[in-house]
Amino acid sequence: MILTFQLVFLTCIWITLTPDVFAASEIKKSYQHCSTSMKRAGKHETRMRKNDSTKAWLLKYEQLLHIQDHDFAMRPGFGGSPVPVGIDVQIESIDSISEVNMDFTMTFYLRHYWKDERLSFPSTTNKSMTFDHKLIKKIWVPDIFFVHSKRSFIHDTTVENIMLRVDPDGNVLFSLRITVSAMCFMDFSRFPLDTQNCSLELESYAYTEEDLMLYWKHGNKSLNTDEHITLSQFFVEEFSASSGFAFYSSTGWYNRLFINFVLRRHIFFFMLQTYFPAMLMVMLSWGSFWIDRRAVPARVSLGITTVLTMSTIISGMSASMPQVSYIKAVDVYLWVSSLFVFLSVIEYAAVNYLTTVEEQRQFKTGKLSGMYNIDTVQAMAFDGCYRDSKTEMDPTSFFLPLEEDSMRGRSTGSRSTDSSQIKRRQSSGGHVGRIILENNHVIDTYSRILFPIVYIIFNLFYWGVYV
């Protein structure tokens, strides 16, 4: 609009200064036309300014708030009583909890309330004015920071999430949306049956209690949470707000606000991933007590498998936990379970040694032949299967005579032979079972009872203490 006005003005001057080109009457008419156009342009610009109140307001807000008339590098009421700054928080989400890093990440709305009479302005409607982040750099705002924070940022999608609202009497509301990652000093002595107490601490960085007084705006109701806050491994049991003081030897006392929350861990995940597999490995190791003591490969392979599986479970649990210097509850359970598995292997080593000593003594005295022959003992030591030479079936019994006469002649004899073989096979099964049961070592017999009883007592004591 201003450019148009200048073009019309220059055209009028050019026409006026050009001699002998136009007649005087034409020059007069042109001059009158230019004057009329300039007046119309001026009226149109004035009308546009009146209609576009936004542009006019942007030019006036600094004058209305007297920003140029005051030094906003100083706090309100400098030299007098401390400026009270109220705080309230709306927690949007708890994004993550990290046991390895011992920290948590939280997103929330942080609102500050204070009064700065330098920002008061006259208003007939008594309505407040709302501004964006551009005005923040021109006025005084509280310098709140988060104690023990590792990372923090103000959200800037689609613009910076900052709001400033000023009332006519100078009351100010400063709100922002922020995400903070802060330390949480966790105690894992009862992990994974633990409950963690974490807190986010707010404090003024530069102003001591003599200059700035932080307080919760609405007491315990100043801390609001979303009803749908959920975590994968924790129950959020409680949110609470508290306040206190912090002392620094070089600067003095500061007001400090606390956002406290209690987290109780879900146990079902660890039951499926850690406790149940450990229980199964311990019970599986007990199966070696029921295997014949001369079945060396079967019992040794079972013991080694359970030991290696327990080592894998312990390693997987340790990889997802911080390297703390004290014993955790899950360590107690896993190492005791590993001890039971290890003792089952040691138990068979003792049984095998004592069995070897006993057989050598019986072999020297000639008593071994009544129980087993040498071939049977060697076969059982090799593959764990009892073989009785008397019960081996004659392979020739599977071939039928080719001539019918021979079958007829031997029909009576074959019936008696078949019946004797069936009776022998039936008696051999019971004979083998009786031999195995009668020749179990006394250590195996007691281990079948003692190991389960002691492990059950341990479980009752463990869950009674930690739960």
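Quick check on my filter: what residues within segment 144-174 are basic (Lys, Arg) and either over 30 Å from Pro122 (Cβ atoms) or open to solvent by less than 50 Å² (accessible area, probe 1.4 Å) (or both)?
Scanning segment 144-174 gives Lys150, Arg151.
Could you tell me which numbered condition Thr274 fails, if it satisfies all but one of (1) modelled with pLDDT of 95 or more; (2) crowded, with 18+ Cβ neighbours inside 10 Å; (3) in contact with a helix residue (DSSP H, G or I) (Cβ under 9 Å, 6 or more places away or on another chain)?
The number of the failed condition is (1).
So which of Leu193, Leu164, Leu200 is within 35 Å of the chain's Cα centre (by Cα), in the same structural domain as Arg256 (by the TED database), over 27 Å from Phe78 (Cβ atoms) and outside any loop (DSSP other than H, G, I, E, B)? Show your work before the answer.
On the way: Leu193 fails: outside any loop (DSSP other than H, G, I, E, B); Leu164 fails: over 27 Å from Phe78 (Cβ atoms).
The match here is Leu200.
When you go through (1) open to solvent by 10 Å² or more (accessible area, probe 1.4 Å); (2) within 26 Å of the chain's Cα centre (by Cα) one by one for Val180, which number turns out not to apply?
For Val180, the failing item is (1).
Just wondering, is there one or more residues in segment 234-241 that are touching a residue at least 40 places away in the same chain (Cβ under 8 Å) and of a type in the set (S, T, N, Q)?
Within segment 234-241, none of the residues are touching a residue at least 40 places away in the same chain (Cβ under 8 Å) and of a type in the set (S, T, N, Q).
Quick check on segment 152-161. Is at least one of its residues of a type in the set (Asp, Glu), part of a loop (DSSP other than H, G, I, E, B) and under 28 Å from the mean Cα position of the chain (by Cα)?
Yes; the residues of segment 152-161 include at least one that is of a type in the set (Asp, Glu), part of a loop (DSSP other than H, G, I, E, B) and under 28 Å from the mean Cα position of the chain (by Cα).
Against the conditions (1) out of contact with any Phe, Trp or Tyr (no Cβ under 8 Å at 6 or more places or on another chain); (2) aliphatic (A, V, I, L, M); (3) open to solvent by less than 30 Å² (accessible area, probe 1.4 Å); (4) in a strand (DSSP E or B), where does Met213 fall short? Just the number, please.
Result: Met213 passes all but (3).
Go through segment 222-243 and give me each residue that's more than 17 Å from Ile97 (Cβ to Cβ) and either modelled with pLDDT of 90 or more or not assigned by the TED database to the domain that holds Asp88 (or both).
Selection gives Ser222, Leu223, Asn224, Ser240, Ala241, Ser242, Ser243.
Tally up the residues in segment 278-330 that are in a loop (DSSP other than H, G, I, E, B), touching a helix residue (DSSP H, G or I) at 6+ places or on another chain (Cβ under 7 Å) and open to solvent by less than 20 Å² (accessible area, probe 1.4 Å), please.
Filtering segment 278-330 for residues in a loop (DSSP other than H, G, I, E, B) gives 291-295, 320-328.
Checking the rest, the ones that are also touching a helix residue (DSSP H, G or I) at 6+ places or on another chain (Cβ under 7 Å) come to 291-295.
Those still in the list that are open to solvent by less than 20 Å² (accessible area, probe 1.4 Å) too: 292-295.
Matching residues across segment 278-330 total 4.
Scan segment 341-354 and report the pairs whose first residue is surrounded by 14 or more Cβ atoms within 10 Å (Cβ to Cβ) and whose second residue is among the hydroxyl-bearing types (Ser, Thr, Tyr), with Cβ atoms within less than 6 Å and a gap of 6+ or a chain change.
Val341/Ser285; Val341/Thr306; Ser344/Ser285; Ser344/Ser288; Glu347/Ser447; Tyr348/Ser288
Does Asp194 satisfy the condition of being open to solvent by less than 70 Å² (accessible area, probe 1.4 Å), modelled with pLDDT under 95 and more than 27 Å from Pro82 (Cα to Cα)? Reasoning before the result, please.
Details: open to solvent by less than 70 Å² (accessible area, probe 1.4 Å): yes; modelled with pLDDT under 95: yes; more than 27 Å from Pro82 (Cα to Cα): yes.
Answer is yes for this residue.
In the list Tyr348, Tyr333, Tyr353, which residue meets the criterion of being modelled with pLDDT of 80 or more, outside the structural domain of Ser189 (by the TED database) and closer than 23 Å to Tyr466 by Cα?
Tyr333
Inside segment 116-151, can you point out the residues that are part of a strand (DSSP E or B) and closer than 30 Å to Met106 by Cβ? First the steps, then the outcome.
If we filter segment 116-151 for residues that are part of a strand (DSSP E or B), which is where we start, we get 129-131, 144-147, 149-151.
Result: Thr130, Phe131, Ile144, Phe145, Phe146, Val147, Ser149, Lys150, Arg151.
The values are calculated or read from the model by the stated rules, or taken from the named source; none is laboratory data. Fair warning: this is a prediction, and the values are worked out from it, not measured in the lab. Quick reminder, even Gly has a Cβ in these numbers, built from the backbone with ideal geometry, and neighbours come from all protein chains shown. We work out accessible area using only protein heavy atoms, side chains counted, and drop any ligands, DNA or RNA first. Shrake-Rupley method; radii C 1.70, N 1.55, O 1.52, S 1.80 Å.
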